[in-house]
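S.K.: Pasting a structure below so you can have a look.
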Amino acid sequence: MSVMDKLKQMLKGHEDQAGKGVDKAGDYVDDRTQGKYSKQVDMGQDRLRDQFGDEQK
């Protein structure tokens with residue numbers, strides 16, 4: 001079982017909280033890098049939301 005499978009299993013039923021965590025982490029990275037990598041951070045956030053099943057964007 002891969003790490004991503006384990007994370008999905010742990011987060012099952014808590015997709016909204018996972019989405020909020022992804023947003024918060026992305027905002028933190030954007031803040032620390034002064035928005036220099038915001039395009040890449042946004043792409044990463046979208047991919048994580050897809051993986052965790054959160055449709056909130």
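S.K.: Using Cα Rg over 2.2 N^0.38 Å as the read-out, say which of [x] 1.39; [y] 1.17; [z] 1.29 was calculated from these coordinates.
M.R.: [y]
S.K.: Ignoring everything except DSSP H segments at least 4 long, calculate the 222 nm mean residue ellipticity for the chain; use -39,500 (n - 2.57) per segment, divide by total residues, nearest 500.
M.R.: About -24000 deg cm²/dmol.
S.K.: Let me ask another. Order these peptides, 24-36, 1-13, by their mean beta-carbon neighbour count within 10 angstrom, highest first.
M.R.: 24-36, 1-13
S.K.: Multiply the residue gap between Y37 and M4 by 0.36 nm, knock off their C-alpha separation, and tell me the result in nm, one decimal place.
M.R.: Taking Y37 through M4 to full extension adds about 9.5 nm, to one decimal.
S.K.: Hey, another quick one. Can you tell me the relative contact order of the chain? Whole percent, Cα pairs under 8 Å, sequence separation 6 or more.
M.R.: 44 percent
Computed from the coordinates by the stated procedures, all read-outs in this text should not be read as laboratory data. For clarity, every value in this text was computed on a predicted model and none was experimentally measured. Every residue, glycine among them, receives a Cβ derived from its backbone with ideal geometry; neighbour counts consider all protein chains shown.
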